[in-house]
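Peer 1: For reference, the structure I am asking about is given below.
Just so it is clear, none of the values below were taken in a lab; they were calculated from the coordinates. Everything numeric in this text was worked out from a predicted model, so none of it was measured. Cβ: placed from backbone, ideal geometry, glycine included. Neighbour counts: every protein chain shown.
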Amino acid sequence: MLDVLTMGELLIDFVPLRSGVSLGEATVFKKAPGGAPANVAVGVRRLGLSSGFMGKIGDDEFGKSLVDLLAKNGVDVSGVVFEAKARTALAFVSLGPGGEREFMFYRHPSADMLLEPSEVNLELISAAQIFHHGSISLINEPVRSATMVAIEAAKRAGVLVSYDPNLRLPLWPDERSAREGIISALPSADIVKASAEELEFLTGATQIPAGLEKLKALAPGAVAIVITRGARGCTLSTRRFTIEEAGFAVTPVDTTGAGDGFVAGLLAGLLRACPAGGGGATQVTRVESAMNVVHRTDSLRKA
């Protein structure tokens with residue numbers, strides 16, 4: 001049994017060695033593994049729980065090295081499918097003065113977009129406690145249908161569904177399709193993590209309390225919704241209570257993957273009674289205690 005199974009994109013990020021410059025101005029880039037669901041899988045494993053990743057990757061040197069890296073980190077990769085007809089996705093990430101990111105993606109199509117519904121490992125899903133996915137796999141067919149098949153399988157098996165909207169507007173045809181596509185998966189979610197910016201984009205509300213109420217209406221089955229507020233911490237809302245946690249004073253260097261680290265810590269904190277540690281996960285340690293240190297997914301459903 002896996003504690004957390006993630007599904008979606010696995011790619012290569014190219015990040016300028018010097019921050020505060022545009023992609024056109026950058027001359028030297030650092031290659032780094034990326035893809036939000038894969039980052040979450042690694043984060044969960046590093047927090048001491050079992051995890052797996054499911055998706056399609058290019059049958060190329062980048063793809064093979066990424067899957068090897070997941071395996072070396074202890075992530076179950078039995079749900080990975082290699083694709084010979086498309087390459088592994090690439091993303092170039094520019095960093096602003098405060099570590100803010102701007103993305104340029106090279107896909108259309110990349111291998112992750114080509115996962116077929118028939119290639120979804122249903123047994124792997126039913127053996128997990130939490131199934132986590134993002135919105136990138138909801139943009140294009142056939143991976144959108146594959147993602148919906150996976151979500152439905154998780155619901156049938158009684159597996160908790162965790163969802164991170166993870167808005168990447170450049171990948172969507174337009175804002176309307178992005179909003180509608182992301183919202184389409186909310187009714188199936190048991191756990192939702194979104195940033196304050198994503199909350200405003202999805203609900204139109206500029207204040208978190210109002211946005212939360214609208215998001216709850218869009219995700220009526222959610223037992224926990226967490227809104228991250230950057231340096232200002234996070235807001236957690238369950239069916240019984242809403243609390244706010246202050247952030248930690250840090251100097252940001254690169255915020256790439258920070259949200260994924262937060263999700264990993266959140267899911268780990270919900271599954272076991274131990275302090276979450278490292279990276280973005282440190283922000284949820286006190287939230288965990290406020291939720292009565294949930295040990296099992298059936299306990300979480302009652303929160």
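Peer 1: Work through the residues other than residue 203 whose Cβ is under 14 Å from its Cβ and net out their charges, Lys, Arg +1 and Asp, Glu -1.
Peer 2: -3
Peer 1: Now, a different point. Run through region 1-89 and list the trypsin sites (Lys or Arg not before Pro) located in a DSSP loop whose Cβ has at most 15 other Cβ atoms within 10 Å.
Peer 2: Hits after loop and neighbour filter: 18, 85.
Peer 1: A further question follows. Report, ordered by chain and residue number, the aspartates and glutamates lying within cross-link reach of residue 31, taken as a straight Cα distance under 12 Å and ignoring same-chain residues fewer than 8 apart.
Peer 2: Partners within reach: 13.
Peer 1: Quick one: which residues, 5+ away or cross-chain, put their amide H under 5 Å from the amide H of residue 161? H built at 1.01 Å from N.
Peer 2: The answer is 131, 190, 191.
Peer 1: Within region 56-77, which residues have the backbone N less than 15 Å from the label spot 7 Å out from residue 123 along Cα→beta-carbon, could you tell me?
Peer 2: Taking a point 7 Å out along Cα→Cβ of residue 123, the residues of region 56-77 whose backbone N falls under 15 Å are 77.
Peer 1: From the phi angles alone, apply the Karplus equation (6.51, -1.76, 1.60; θ = phi - 60°) to region 36-46 and give each ³J(HN,Hα) in whole Hz, x where the residue is Gly or Pro.
Peer 2: Once θ is set to phi - 60°, the couplings for region 36-46 become 3, x, 5, 4, 5, 4, 5, x, 4, 5, 5 Hz.
Peer 1: Here's another thing I want to ask about it. With the Cα gyration tensor of region 29-87 in hand, give its eigenvalues times 5 under a square root as the equivalent ellipsoid semi-axes, listed largest first in whole angstrom.
Peer 2: 20, 13, 9
Peer 1: 5 Å is the cut-off here: which amide hydrogens, built 1.01 Å from N in the peptide plane, fall below it relative to residue 87, excluding neighbours closer than 5 in sequence?
Peer 2: Those lying under 5 Å, H to H, from residue 87 are 111.
Peer 1: Considering only DSSP states other than H, G, I, E and B, which GluC sites (Glu not before Pro) in region 4-64 qualify as loop sites with at most 15 other Cβ atoms within 10 Å?
Peer 2: For GluC sites (Glu not before Pro) across region 4-64 that sit outside H, G, I, E and B with at most 15 neighbouring Cβ atoms in 10 Å, the list reads 25.
Peer 1: To the nearest Å, what is the center-to-center distance of region 68-96 and region 186-210, using C-alpha atoms only?
Peer 2: Value for the Cα centre distance between the two parts: 28 Å.
Peer 1: Could you list the residues of region 128-156 with an amide nitrogen less than 18 Å from a label point located 7 Å from the Cα of residue 183 in the Cα-to-C-beta direction?
Peer 2: Of the residues in region 128-156, 135-136, 138-139 have backbone N under 18 Å from the label point off residue 183.
Peer 1: Moving on to the next point. Summing Lys, Arg as +1 and Asp, Glu as -1, what charge do residues with Cβ under 10 Å from the Cβ of residue 166 carry, residue 166 excluded?
Peer 2: -2
Peer 1: Here is a follow-up. Amide H neighbours of residue 2 under 5 Å, at least 5 residues apart or on other chains, H built in the peptide plane: list them.
Peer 2: 128, 129
Peer 1: Provide, as a two-decimal number, the C-alpha radius of gyration of region 100-185 over 2.2 N^0.38 Å, N being how many residues it has.
Peer 2: With N residues counted in region 100-185, Rg over 2.2 N^0.38 Å equals 1.13.
Peer 1: A follow-up question, please. Work out from phi, with θ = phi - 60° and the Karplus expression 6.51 cos²θ - 1.76 cosθ + 1.60, the ³J(HN,Hα) of each residue of region 19-32, listed in order in whole Hz, and give x for Gly and Pro.
Peer 2: Calculated HN-Hα couplings, in order: 7, x, 10, 6, 4, x, 7, 5, 10, 10, 10, 9, 7, 9 Hz.
Peer 1: In addition: From the backbone phi of region 135-152, what are the Karplus-calculated ³J(HN,Hα) couplings (6.51 cos²θ - 1.76 cosθ + 1.60, θ = phi - 60°) in whole Hz, Gly and Pro given as x?
Peer 2: Values per residue, Gly and Pro as x: 9, 4, 7, 9, 7, 10, 8, x, 5, 4, 5, 4, 5, 5, 4, 5, 4, 4 Hz.
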